[in-house]
Amino acid sequence: MNAGHNLGPVDQIPFGEGRAFGVAGEQVAVFRLRDGSLRALSAVCPHKGGPIADGTIDQELVLCPLHQHAFRLDTGCSTTGAEPLGSYDVQMDNHQNIILRIAAR
Amino acid sequence: MTTVADENKRKTQPKTQAITRPKTQPRHQARQAKPAARRRLVVIGNGMAGARAVEEILARGGAEQFSITMFGDEPYGNYNRIMLSHVLSGEESDADIFLNSLHWYQDNNITLHAGVRVERIDRFTKYVFANNGHVVPYDVLIIATGSQSFIPPMDGLYTPSGSIKPGVFTFRTIDDTRNMVQHAQQDRPPEGERSAVVIGGGLLGLEAARGLQSHGIDVDVVHSGGHLMNAQMGPDGGAILRRSVEALGIRVHTGSRTTAVLGADKVTGVRLRDRPDIDCDMVVVAAGIRPNVDVAVLSGLHVERAIVVDDQLRVVDEDDIYAVGECVQHRGEVYGLVAPLWEQAVVLANHVTGADSTSAYLGSRIATKLKVAGVEVASMGLQGPERETDEHILFSEPSRGVFKSIVIRDNKMVGATLLGDSRKVAYLTQAFDKGLPLPEERISLMFDLGGPAEEQGVAELDDDAQVCNCNGVSKKSLVDVVKGGCNTVAGAMDATRAGKGCGSCKLLVKQVVEWAADGAVEEDPAASYYVPGIPLDKPSLMAAIRKQGLRSVSSVFAALAPGSAEDAKSKMGLASLMKMMLADQYIDERDARFINDRVHANIQRDGTFSVVPQMKGGVTSVQQLRRIADVAEKHNIPLIKLTGGQRIDLLGVPKEDLPQVWADLDMPSGYAYGKSFRTVKTCVGKDFCRYGTGDSTKLGIEIESRFQGIEAPAKLKLAVSGCPRNCAESLVKDVGVVAVEGGRWELYVGGAAGAHIRKGDLLATVDDPEEVKVLTGRFMQYYRENANWLERTYAFVPRVGIDRIRAVVVDDTEGIAADLDAAMQASVDSYVDPWTERDGPLTPGQFRTSLPLTALPQVPVR
Ligand SMILES: Cc1cc2nc3c(=O)[nH]c(=O)nc-3n(C[C@H](O)[C@H](O)[C@H](O)COP(=O)(O)OP(=O)(O)OC[C@H]3O[C@@H](n4cnc5c(N)ncnc54)[C@H](O)[C@@H]3O)c2cc1C
Ligand code: HEM
Ligand code: SF4
Ligand code: FES
């Protein structure tokens, strides 16, 4: 089993925003929704490389800040016709740390 | 671990695929489940005809009958070629013209080989051979290879190495268009204007000319015919069209042939037969098209001018090969417009699927309705009278660019040309198509003489009359979607694609929808929402916020959104509105802001930011300049640029450096990033300038000091000029002030000179600079409270009307002037320089990089 990467306390991310992490050579944007739950997507927009962690989010979608392509926070699929973003399994452990799992390829 | 991996893989698959087949069953298994049950359909050419034919086949249950493979030479899904003119002119983004996205092919289980050319067909063994080595068998084959640009023979087209000379372009594909745009924008010569020669004065040439012009390029059109668009109209119409085109600033040379392209390794001009050379750095060849028949010829199919097909769209002498679109010759005709190919695609699909084996294509009567270079053009049948007994009705009004010509034979219309006024086109097209008897009063063919004729016109239209020629939408299809419950104009347009081609039929589409809905047409409700996620217009939204005492964006979603759902697209607009309404009572939730407003800088293409310190009225000092220079040096700023708003822009600053850059600058923010008051551009004014009558610099600085940073539905750019020479360009600003003789000041509002150009309307002339500041503030507050989200003043002012704005703002007819002033004062009082956040980030990681493993900046360092 992959124990996952501990990215540290969830407080690093304000509610309703995202922050980016470099994990095992990948750039990952982790979002903390306003209901407190976490989502993780790859941090680089497939369209023109926009920084996804700087995007605006709601409970469902993130909008890339550069040209406003929209991606589902759960699957990474685009609702505006862009290529999909990778998505990751992310959870909080008992100590309020962010645990991210990166699938082996 | 493996479970995680599987989970992830599945998650990243486009959702749409999961709908078309069970998630657990991979695609190849689904195929193997019923082997040989489906025949193999191969389509060569993935353009408008090929993709439309496949859509028609799918609509007739083709997915059950066929496994479909498409080859397209262009490395994309099918797009609307007609819209390339809009892409060239920049009105439309190239991403928006796709008709079939790559997902569409996946969803319909179509194997698309994009960017792959078919080179040969073996019609005996039934295989196609592609240039990438693919050999694919077919049971049924459709050829839809379209056309290519025809390049007339002339000298100097090619470089010695045989490639086409840099600066010479054709106009057929999305890549052609992108190349032209790139050339037009990027390789601008250091001095002098860009200029282009367009060879060909038909539909394509004129569209290319107009498109290039919108990039600021000086354009000449060289046309070998005696008059413009000679395929569609006679010399009289051509002459009027020429006037209209020349009025746009495009030079026209008719009856003249280009004999050579000049220039050694890139274009420097063209040589004309018996006219002087024309200098230019760009040549666009739009001299007609030639059907793509190479594959057909090579494979032994029957080809004359194009691939010859019968009334079933079957290639002559072939059982299993069909052809459709511009590559086809049917009953001697080869078409070059989209309307015929919609009709062809229907007949072809009826036969390929067996849905209707009696279906026959009998040719298309070409009635074209186009918008060429902004001019409405309709033409059908004869261009002019041919027999002594033909009646010819002619109306010509060159100054307005209107020309109408109708030819009548035996009381039937046999031809018409209309320019510059297309109001009667729908009726005339029908009269032409159906051979309707004509009214005795012939002039009513051309004009509506009183009465509600427009309405009648729509009611009279036949069900199958084509409303949108570009997308082949009949009156009946529109009426059907309206009857099916879609009673908004925008909804009906989305559902049918009517009006989404050249756009010239939008008025008619609107009339048909209104007629079909029998007055029950609804304004698209969402069109009036202030933000998409809250179903309220601006006044209702503001009233609800006040009534319920809402103070944050999240509380607005909770109280007013359907299902209390947050909506990312609405956040920025709500944040701005509430800050405006509540000033320091607003509870600022940072996640509601756009990234620019979270970090007070403008995001760049690589994720770095630009920093523009405040420089009131464009006035700076030795100390400021020295400090800016030091900061730029210390932080290795990639580009230092003077902005159009008279400030200095430091570009390419990584997010994490922003606080330090601000600290080192120790200057307030210039707000070059927000939907807010930006800057006041000033000229030097009377203290220095020998013409000046007012101290424009001083007033500009005072206005900027007062209104710095206030947010608005869209950005506000202001200017103050010291005399009517207007060096600060006050007439094209959101608010522009001009000093005039006698110590007076004129105030203009609603001007623009960006993507749109509009001269501002004169709001008032006042005696006192203080009065200027009061009216400026009052106008901006009225705009903040009443404009739609992202509606610039150039749209707001004409929408509301300058008379009404003057009544409210200057004459106070509604008695709200004092309220407006007080609300603006509250905003002014709550101003805090956002760059003070450098001393302590407001949120954790506010300035943390969002691309931790990318070395920024990626923008070029100059
Ligand atoms: C700028 C512009 C503006 C226009 N404006 C209008 C207008 O306002 N109104 C109007 O009615 N019409 C207009 N037209 C014409 C209209 O676009 C065409 O009539 C229509 O696109 C023809 O469709 P088609 O499928 O036959 O050809 P195309 O759309 O050209 O499609 C053919 C496709 O087949 C591919 N292909 C060719 N050979 C092969 C091969 N061997 N292997 C694989 N693929 C191959 C080509 O790359 C191309 O993608 C305009 C055209 C242009 C270029
Ligand atoms: C404020 C809004 C927008 C701005 C300023 C903007 C700006 C740009 C810029 C500068 C480019 C690069 C052009 C180039 O160099 O090739 C671009 C490309 C593109 N934009 Fe946008 N854009 C905006 C909105 C959108 C939206 C809303 C979409 C789609 C939903 C979109 C889709 C695209 C696509 C697909 C391309 C790539 C075209 C290509 O090169 O293949 N853009 N945009
Ligand atoms: S607008 Fe008038 S006052 Fe201002 S610089 Fe120009 S000429 Fe001088
Ligand atoms: S880079 Fe993300 S939308 Fe363009």
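If you check A:73, A:61, A:85, A:66 for being of a type outside the set (Asp, Glu), more than 9 Å from ligand 4 (Cβ to nearest atom), in contact with a Cys (Cβ under 8 Å, 6 or more places away or on another chain) and within 27 Å of residue B:102 (Cα to Cα), only one passes: A:85.
Taking interchain pairs and intrachain pairs at least six residues apart, which have beta carbon atoms under 9 angstrom, with the first residue in the stretch B:100-124 and open to solvent by less than 40 Å² (accessible area, probe 1.4 Å) and the second among the hydrophobic types (A, V, I, L, M, F, W, C) and in a loop (DSSP other than H, G, I, E, B)? Between residues of the stretch B:100-124 that are open to solvent by less than 40 Å² (accessible area, probe 1.4 Å) and residues that are among the hydrophobic types (A, V, I, L, M, F, W, C) and in a loop (DSSP other than H, G, I, E, B), the close pairs are B:121/B:301.
On the given criteria, is residue B:834 more than 14 Å from chain A (Cβ to nearest Cβ) and in contact with a Ser or Thr (Cβ under 8 Å, 6 or more places away or on another chain)? When the stated conditions are applied, residue B:834 passes them. Restricting attention to the stretch B:300-325, the residues that are within 30 Å of residue B:206 (Cα to Cα) and surrounded by fewer than 22 Cβ atoms within 10 Å (Cβ to Cβ) add up to 2. Any idea which residue in the stretch A:43-54 is nearest to ligand 2 (Cβ to nearest atom), counting only those that are of a type in the set (A, V, I, L, M) and open to solvent by less than 10 Å² (accessible area, probe 1.4 Å)? This residue is A:52. Where helices (runs of 4 or more DSSP H) fall wholly inside the stretch B:14-125, the ranges with 3 or more residues that are within 14 Å of chain A (Cβ to nearest Cβ) and either modelled with pLDDT under 95 or within 16 Å of ligand 1 (Cβ to nearest atom) (or both) are B:15-20, B:102-107. Using the structure shown, decide if residue B:536 is over 28 Å from residue A:14 (Cα atoms), hydrophobic (A, V, I, L, M, F, W, C) and not in a helix (DSSP H, G or I). So residue B:536 passes the test. Residues that are open to solvent by 20 Å² or more (accessible area, probe 1.4 Å), hydrophobic (A, V, I, L, M, F, W, C) and assigned to a strand (DSSP E or B) within the stretch B:281-299 comprise just one, B:289. Each residue in the stretch A:55-81 was checked for being open to solvent by less than 50 Å² (accessible area, probe 1.4 Å), within 15 Å of ligand 2 (Cβ to nearest atom) and either at the interface with chain B (Cβ under 9 Å from one of its Cβ atoms) or out of contact with any Phe, Trp or Tyr (no Cβ under 9 Å at 6 or more places or on another chain) (or both), and 12 of them qualify. Restricted to the stretch B:376-454, the set of strands (runs of 3 or more DSSP E) holding at least 3 residues that are at pLDDT below 85 and surrounded by 18 or more Cβ atoms within 10 Å (Cβ to Cβ) is empty.
The selection criterion, being more than 10 Å from chain B (Cβ to nearest Cβ) and out of contact with any Gly (no Cβ under 9 Å at 6 or more places or on another chain), holds for residue A:95.
So is residue B:676 away from ligand 3 (no atom under 16 Å from the Cβ), more than 14 Å from chain A (Cβ to nearest Cβ) and either open to solvent by 10 Å² or more (accessible area, probe 1.4 Å) or more than 30 Å from residue B:822 (Cβ to Cβ) (or both) or not? Here the answer is no, as residue B:676 does not meet what is asked. Of all the residues in the stretch B:259-280, those that are part of a loop (DSSP other than H, G, I, E, B) and open to solvent by less than 40 Å² (accessible area, probe 1.4 Å) number 3. Residues that are open to solvent by 30 Å² or more (accessible area, probe 1.4 Å) and either touching a Pro at 6+ places or on another chain (Cβ under 7 Å) or over 27 Å from residue B:782 (Cβ atoms) (or both) within the stretch B:549-566 comprise B:554, B:558, B:562, B:563, B:564, B:565, B:566, listed in sequence order. In the stretch B:697-718, the condition of being without any contact (Cβ under 8 Å) to a residue 40 or more places away in the chain, touching an Asp or Glu at 6+ places or on another chain (Cβ under 8 Å) and either within 16 Å of ligand 2 (Cβ to nearest atom) or open to solvent by less than 40 Å² (accessible area, probe 1.4 Å) (or both) is met by no residue. Going through (1) open to solvent by 20 Å² or more (accessible area, probe 1.4 Å); (2) farther than 22 Å from residue B:839 by Cβ; (3) within 14 Å of chain A (Cβ to nearest Cβ) one by one, residue B:644 falls short only on (3).
Look at residue B:742 and say whether it is assigned by TED's automatic domain parsing to the domain that holds residue B:792 and open to solvent by less than 40 Å² (accessible area, probe 1.4 Å).
On the way: assigned by TED's automatic domain parsing to the domain that holds residue B:792: yes; open to solvent by less than 40 Å² (accessible area, probe 1.4 Å): no.
Taking the combined requirement at face value, the residue does not satisfy it.
From the list B:622, B:653, B:599, B:611, the lone residue that is farther than 23 Å from residue B:715 by Cβ and hydrophobic (A, V, I, L, M, F, W, C) is B:622. Candidates B:160, B:152: the one that is in contact (Cβ under 8 Å) with a residue 40 or more places away in the chain and either surrounded by fewer than 20 Cβ atoms within 10 Å (Cβ to Cβ) or part of a loop (DSSP other than H, G, I, E, B) (or both) is B:152.
Restricting attention to the stretch B:558-587, the residues that are within 14 Å of chain A (Cβ to nearest Cβ) and farther than 19 Å from residue A:31 by Cα total 10. Listed conditions (1) within 12 Å of another protein chain (Cβ to nearest Cβ); (2) open to solvent by 10 Å² or more (accessible area, probe 1.4 Å) are all met by residue B:546, apart from (1).
Annotation note: Cβ proximity below 9 Å between a residue of the stretch A:78-97 that is closer than 30 Å to residue B:105 by Cα and among the charged types (D, E, K, R) and a residue that is part of a strand (DSSP E or B) and open to solvent by less than 30 Å² (accessible area, probe 1.4 Å) (sequence gap 6+ or interchain) occurs for A:89/A:40; A:89/A:99; A:89/A:100.
Here are B:748, B:783: which of them is within 30 Å of residue B:90 (Cα to Cα), of a type in the set (Ser, Thr, Tyr) and more than 15 Å from ligand 3 (Cβ to nearest atom)?
Working: B:748 fails: more than 15 Å from ligand 3 (Cβ to nearest atom).
It is B:783.
Out of everything in the stretch B:679-688 that is β-branched (Val, Ile, Thr) and either more than 29 Å from the chain's Cα centre (by Cα) or within 16 Å of ligand 2 (Cβ to nearest atom) (or both), what residue ends up being surrounded by the most Cβ atoms within 10 Å (Cβ to Cβ)? For the stretch B:679-688, the residue satisfying everything is B:680. Name every residue in the stretch A:28-38 that is surrounded by fewer than 22 Cβ atoms within 10 Å (Cβ to Cβ) and either within 16 Å of residue B:565 (Cβ to Cβ) or facing another protein chain (nearest Cβ under 8 Å) (or both), in order of residue number. Passing the criteria: A:33, A:34, A:35, A:37. When residues in the stretch B:208-242 are screened for being part of a helix (DSSP H, G or I) and more than 17 Å from residue B:183 (Cα to Cα), 8 of them pass. Of B:829, B:839, all but one fail to be more than 11 Å from chain A (Cβ to nearest Cβ), open to solvent by 50 Å² or more (accessible area, probe 1.4 Å) and within 30 Å of residue B:640 (Cβ to Cβ); the exception is B:839.
The values are calculated or read from the model by the stated rules, or taken from the named source; none is laboratory data. From a predicted model like this one, the values you see are computed outputs, not experimental measurements. Because the Cβ atoms are built from the backbone with ideal geometry, glycine has one as well, and the counts that use them run over all protein chains shown. These area figures cover heavy atoms from the full protein model, side chains too; ligands, DNA and RNA do not enter into them. Shrake-Rupley method; radii C 1.70, N 1.55, O 1.52, S 1.80 Å.
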